Amino acid sequence: MATEPLLVAENLHLRFGTTVALDSASVAVHAGEVLALMGPSGSGKSTLLHCLAGILHPDAGRVTYAGRDLTAMHDSERSALRRTELGLVFQFGQLVPELTCLENVALPLRLNGAPRRAALRSAAAWLERLEVSDVAGKRPGQVSGGQGQRVAVARSLVTRPRVVFADEPTGALDSLNGERVMQLFVAAARETGAAVVLVTHEARVAAYSDHEAVVRDGRVRTMEHVR
Ligand SMILES: Nc1ncnc2c1ncn2[C@@H]1O[C@H](COP(=O)(O)OP(=O)(O)OP(=O)(O)O)[C@@H](O)[C@H]1O
Ligand SMILES: [Mg+2]
């Protein structure tokens, strides 16, 4: 028996001025699965991801998370949900430059009210899981792109979210580094049971996913089960 999807976007429409970014985009994500959003530049992938994560509000259509209408929620309710049940990894500029890598990973726990020592302990375990314990005391400006990306992945998973969103998580990395970050990311997400929605241009990255959705002209054109 098929289970209900955890996250559903139905007929999303979104314009930026006269640009139609989403034109009746629909997609569904099941608990624990990895969904890759593929498609040409400007097709609406990031916009769709941001709507799914409750960061952007569609002009029309609906996003439902665990049966709750994300589009109808108050901002405060949606932010609380983002802090506790959703995780985010972006390509650039996601770490707080003034904090060490360890503190960056601990930050979401601290924001959720965890005591400092417990938060730092969990953060250290996640850095170890992503094989970057050695940069714990460094600031983001002092680490390589690949290390920074691993720290960002650790930070997105530290709260054990039910869905992690990643916009081209390895886009800035060379292929060997990107491959390793992707392996660690997907393995860690699968271990915690988190669903992953990721945007990528690379078929190589999409190979780690369960489903692949191709976005074209603001719409999800095909949805394929890849494994
Ligand atoms: N903040 C914005 N203001 C105006 N137009 C925007 C904005 N964000 C996106 N757009 C436009 O909306 C369309 C979809 O953009 P989106 O960022 O979702 O594409 P994408 O598929 O993620 O592309 P890429 O692969 O290059 O990241 C594009 O035409 C883009 O120019
Ligand atoms: Mg994009």
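Annotations for the structure displayed:
- Each residue in the range 1-28 was checked for being among the aliphatic types (A, V, I, L, M) and over 21 Å from the mean Cα position of the chain (by Cα), and 3 pass.
- Residue 17 vs. criteria among the small types (Gly, Ala, Ser) and within 13 Å of ligand 2 (Cβ to nearest atom): no
- Scanning the range 65-74 for residues that are assigned to a helix (DSSP H, G or I) and within 19 Å of residue 49 (Cβ to Cβ) gives 70, 71.
- Scanning the range 118-138 for residues that are of a type in the set (Lys, Arg) and under 25 Å from residue 82 (Cβ atoms) yields 121, 129.
- Residue match in the range 29-44 (condition: in contact with a Ser or Thr (Cβ under 8 Å, 6 or more places away or on another chain), in a strand (DSSP E or B) and farther than 17 Å from residue 163 by Cβ): yes
- Those residues of the range 92-145 which are touching a residue at least 12 places away in the same chain (Cβ under 8 Å), farther than 18 Å from residue 188 by Cα, among the charged types (D, E, K, R) and surrounded by fewer than 18 Cβ atoms within 10 Å (Cβ to Cβ), in sequence order: 98, 138, 139
- Residue that is among the basic types (Lys, Arg), out of contact with any helix residue (DSSP H, G or I) (no Cβ under 8 Å at 6 or more places or on another chain) and not in a strand (DSSP E or B), where the choices are 150, 121, 78: 121
- Residue-level analysis places residue 32 outside the set of residues that are surrounded by fewer than 23 Cβ atoms within 10 Å (Cβ to Cβ), on the phi > 0 side of the Ramachandran plot and near ligand 1 (Cβ under 10 Å from one of its atoms).
- Residue, surrounded by the fewest Cβ atoms within 10 Å (Cβ to Cβ), within the range 39-87, restricted to residues that are within 16 Å of ligand 2 (Cβ to nearest atom) and over 18 Å from the mean Cα position of the chain (by Cα): 41
- Looking at 181, 205, just one residue is of a type in the set (Val, Ile, Thr), over 20 Å from residue 22 (Cα atoms) and more than 16 Å from ligand 1 (Cβ to nearest atom), and that residue is 181.
Each row is one residue, and each column tells you yes or no for (1) among the small types (Gly, Ala, Ser); (2) more than 16 Å from ligand 1 (Cβ to nearest atom); (3) modelled with pLDDT under 95.
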position: 19; (1), (2), (3): no, no, no
position: 44; (1), (2), (3): yes, no, no
position: 47; (1), (2), (3): no, no, no
position: 52; (1), (2), (3): no, no, no
position: 70; (1), (2), (3): no, yes, yes
position: 80; (1), (2), (3): yes, yes, yes
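The values are calculated or read from the model by the stated rules, or taken from the named source; none is laboratory data. In this text, all values refer to a predicted model and were calculated from it rather than measured experimentally. Cβ atoms come from the backbone with ideal geometry, glycine included; neighbour counts cover every protein chain shown.
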